[in-house]
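Contents: one structure, followed by commentary.
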Amino acid sequence: MHLPGPFDIIRVVELEGAFRVPDFLFPDATEEVIKASKVGSDPRFYNAETNMLFMSFHTLVIRTQRHTILVDTCIGNDKERPELLDWHHRSGPFLADLAAAGVPAESIDFVLCTHLHADHVGWNTKLLDGRWVPTFPNAKYLMARTEVEHWSHVALSSAAAANHRSWDDSVQPILDAGQALIVDSDYEIEPGIHLIPAPGHTPGNVILHVSDGKERAYLIGDTIHHPLQIEHPDWSSSFCFDPEQSRATRKAFLDGVAETPSLVIPAHFAAPTAVRITGDAHGYDFETVEKDQRLALK
Ligand SMILES: [Zn+2]
């Protein structure tokens, strides 16, 4: 059996900092509970003086011997997002940073949006001569069928503003360009690299499973937003479509990876971002992973 060889996982940051109060993200969070938690005294993830969560918006690139796969496209430049000032009319160096990391836009074979929230589809497109065009000209953009069906309905409804109208500027142009590959939620990109359904945060939310046959990594998008949810897996976010389902998915995922060497790489954990999960259903914990030579985490 042919198994894919070693591969790189590269993180490219668009935005990172302490800029959300916890109850903006987690309705169940209180300052007291956070300060009593392990994460509450870890300045990499929480600023106790200002009561702000440290978060990151980054892309992850998997480079295998066959493909270059970019996972989640962050916020994007020039997008109309007046509800959130740090997302509105951005003009950041994301594409230059991506190229400097050895990943020019032309080299991407697949873009995977774990889900279609505005902070995961932004760089799907860029503004060129007043039109939104695909940022990655040679890529197929993978989107789970359930997710596309859900958000296409939302985009037609009055609730469209709930997702910052990102369908119009970041998803529809990909469909129009013929670059979308609408797939089942367990789609395999190549042996060892496939999607896993993880509904709840959104109806068609997926996790990317990456394995070279021995080691495993899971790129989990927003299945866990912040390290606080490892200690408090009951906490679904304000942005979860189905908080109950999100909670069940998160707990089942934690249960499956706890006390294994699997790397867990979420979409919004601040550096160093990758973790290994320890503990069990009575109490999960984690250790951060700076570098992993077997998976060439950079
Ligand atoms: Zn997100």
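The values are calculated or read from the model by the stated rules, or taken from the named source; none is laboratory data. Not measured: the values here are computed from a predicted model. Glycine also receives a Cβ, built like all others from the backbone with ideal geometry; neighbour counts cover every protein chain displayed. Keep in mind that these areas ignore ligands, DNA and RNA; they rest on the heavy atoms of the full protein, side chains included. Shrake-Rupley method; radii C 1.70, N 1.55, O 1.52, S 1.80 Å.
For the reader, a short list of remarks on this structure follows.
- For the stretch 99-244, the gyration tensor built on C-alpha atoms gives an oblate shape. Its axis ratio a/c (a ≥ b ≥ c) is at least 1.5, and a/b is not larger than b/c.
- Sum of -39500 (n - 2.57) over DSSP H runs of 4+, divided by residues of the chain (222 nm, nearest 500): -5000 deg cm²/dmol
- Amide H within-cut-off set for THR125, under 5 Å, with H built and near neighbours excluded: THR135
- Overall form of the stretch 153-230 per C-alpha gyration tensor (a/c, 1.5; a/b vs b/c): oblate
- Computed over protein heavy atoms with a 1.4 Å probe, the carbon and sulfur contribution to the accessible area of the stretch 175-298 reaches 49%.
- Applied to the stretch 49-60, the Karplus parametrisation 6.51 cos²θ - 1.76 cosθ + 1.60 on θ = phi - 60° returns per-residue 3J(HN,Hα) values of 6, 9, 6, 10, 7, 7, 9, 10, 10, 9, 9, 10 Hz, with x for Gly and Pro.
- Sequence-distant residues sharing a close amide H with TYR46 (under 5 Å, placed H): PHE54
- Cross-link table LYS251/LYS291; LYS140/LYS291; LYS38/LYS79; LYS35/LYS140; LYS38/LYS140, entries beyond 32 Å C-alpha to C-alpha: LYS38/LYS79; LYS35/LYS140; LYS38/LYS140
- Ratio of Rg to Rh over the stretch 8-289 (Cα coordinates, Kirkwood Rh, two decimals): 0.94
- A convex hull fitted around the alpha carbon atoms of the stretch 33-189 yields 164 Å³ per residue.
- Trypsin sites (Lys or Arg not before Pro) within the stretch 140-241: DSSP coil, no more than 12 neighbouring Cβ in 10 Å: LYS214
- For the stretch 127-166 and the stretch 61-122, distance of Cα centres in Å: 14
- Charge dipole magnitude, Cβ of K and R +1, D and E -1 - the chain, Cα centre, debye nearest 20: 540
- Restriction of the trypsin sites (Lys or Arg not before Pro) in the stretch 54-114 to DSSP coil positions whose beta-carbon has at most 16 other beta-carbons within 10 angstrom yields ARG66.
- Average accessible surface area per residue within the stretch 8-289, 1.4 Å rolling probe, Å²: 39
- Atom-type composition of the exposed protein surface of the stretch 44-90 places 51 percent of the accessible area on carbon and sulfur (1.4 angstrom probe).
- Options GLN229, ILE10, TYR187, ranked by Cα towards positive dipole end of the chain, top entry (Cβ charges): ILE10
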